[in-house]
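As structure tokens, the structure follows; a few thoughts come after it.
The values are calculated or read from the model by the stated rules, or taken from the named source; none is laboratory data. None of these values were measured; they are calculated from a predicted model. So basically every Cβ, Gly included, is an ideal-geometry build from the backbone, and we count neighbours across all protein chains shown. To get the accessible areas, we keep the full protein, side chains included, count just its heavy atoms, and leave off ligands, DNA and RNA. Shrake-Rupley method; radii C 1.70, N 1.55, O 1.52, S 1.80 Å.
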Amino acid sequence: MIPPIASKFVAGETPAEALDHARELNDRNVAAILNLLGEHYDERRPADEDAEAYLRLAEDIGAADVDACISVKPSQIGLDAGVEVFRENVERIVEYAADRDVFVWIDMEDHTTTDATLRAFEELTVEHGGGVGVCLQANLKRTPEDLERLADLPGKVRLVKGAYSPPEEVALTEKSAVDEAYRDQLEYMFEEFDGGIAVGSHDPAMIDRARELHDEHGTDFEVQMLMGVRGDAQFDLADEYEVYQYIPYGDKWLSYFYRRVAERKENLLFALRAVLGR
Ligand code: FAD
């Protein structure tokens, strides 16, 4: 069982708990992105097992009355075991989910995986006429070109600042430079994309910029935030825009919880307050 202190950021160990959390969010107009925790499997077996778990999850979502999609990590479904393992599994998941009208996001991991991830996305989104989304990281120097490459494709693109620490040959390392790049890239998306824009950020400044660009260009966008982060803002934004909460679940919750606390010390306080009920 997940201890109360971690349950602010992780929905539970089972898909049933994640779906229950999704239903509660749906009642407040927020949709769900479900992610089974797991990454960096060097061997095929665990990657195949997690791919199977995603098929079952897509089945459950398809059969349930719940507004939810799924998000997978390439190294969770085989990229570290071999690019062909990842390709086989991601194709399987996207096809199975598409048959059940379930949208699939592909998360972006460290910069060495960008090419393989984008190639898979490009092929799958064309084959399925959308139904697939990919994440791009504003801190990578290559991202403006990647956005150009994706602008005319169906599907969605989630723009995030970037959770990894790539070397400075390939990435912006100053926070202010990353923020500026994020704004520029958002602007490009609103100018060049027909839709499918997802703002994956908790930053009020980036969300305000997206609102301004939406007013200027009329293009719709969705906001995506993590479970346990700015929960009230998620509900407030859902009165006006499409909002998705990214919901991790599964038995590998401990390292995810540590990561949330390590990246922002206040998260520990939040979690403690939630446990203490104040
Ligand atoms: P930051 O730059 O961290 O913070 C800016 C401001 O946002 C803060 O000053 C504060 O006002 C507000 N804020 C931020 N965190 C909090 C908090 N805990 N509580 C209150 N206010 C806060 N990264 C990847 O590399 N690949 C992915 O596939 C990926 N997927 C993601 C999916 C989603 C839905 C989200 C939300 C993020 C994802 N990320 C991913 C992580 C992302 O790259 C950033 O590391 C992370 O979102 C932190 O950047 P930020 O834009 O939220 O704001």
Report task. Taking the Cα centre of the chain as origin, work out the dipole magnitude from +1 charges on Lys and Arg Cβ and -1 charges on Asp and Glu Cβ, in debye rounded to 20. Result -> 1200 debye
Query raised in the report: When the convex hull of the Cα atoms of the stretch 29-160 is projected onto a plane and the area is averaged over all directions, what value comes out in nm²?
Result: 7.7 nm²
Requested in this report: Roll a 1.4 Å probe over the protein chains and send me the accessible area per residue for the stretch 4-276 in Å².
Outcome: 46 Å²
**Report entry** Within the accessible area of the stretch 4-276 (1.4 Å probe), percent carbon and sulfur
**Finding:** 46 percent
Requested in this report: With the Cα gyration tensor of the stretch 132-273 in hand, convert its eigenvalues to equivalent ellipsoid semi-axes via √(5λ) and list them largest first in whole Å.
Outcome: 25, 19, 14
Report summary line: Short to long, in 5 Å steps from zero, the percent of alpha-carbon pairs of the stretch 189-231 per bin is 5, 24, 31, 22, 11, 6, 1
Report summary line: D (µm²/s, integer) via Stokes-Einstein for the stretch 1-106, Kirkwood Rh across alpha-carbon pairs, 37 °C, 0.692 mPa s: value 232 µm²/s
Requested in this report: Find the relative contact order for the chain and round it to a whole percent, using C-alpha pairs within less than 8 Å whose residues are 6+ positions apart.
Outcome: 23 percent
Report summary line: Residue-ordered couplings for the stretch 132-141, obtained by feeding phi - 60° into the Karplus form 6.51 cos²θ - 1.76 cosθ + 1.60 and rounding to whole Hz (Gly and Pro as x), are 9, x, 9, 9, 10, 10, 5, 6, 7, 5
Query raised in the report: Can you give me the Cα centroid spacing of the stretch 43-104 and the stretch 167-236 in angstrom?
Result: 26 Å
**Report entry** Percent antiparallel among DSSP beta bridges (both partners in the chain, rounded to 5)
**Finding:** 5 percent
Report task. Determine the calculated [θ] at 222 nm for the chain from helices alone, applying -39500 (n - 2.57) to every DSSP H run no shorter than 4 residues and normalising by the residue count; nearest 500 deg cm²/dmol. Result -> -15000 deg cm²/dmol
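Once the piece of chain linking residue 115 and residue 211 is laid out straight, how much longer is it, given 0.36 nm per residue of separation minus the C-alpha distance between them?
Length difference between fully extended and current span is 31.5 nm.
Using only Cα atoms, what is the ratio of the radius of gyration of the stretch 4-276 to 2.2 N^0.38 Å?
After normalising by residue count via 2.2 N^0.38 Å, the value is 0.95.
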Query - Alpha-carbon Rg/Rh ratio, for the stretch 49-124, with Rh computed the Kirkwood way - result: 0.97
Query - Potential extension, residue 252-residue 63 segment - 0.36 nm per residue separation minus Cα distance - result: 65.5 nm
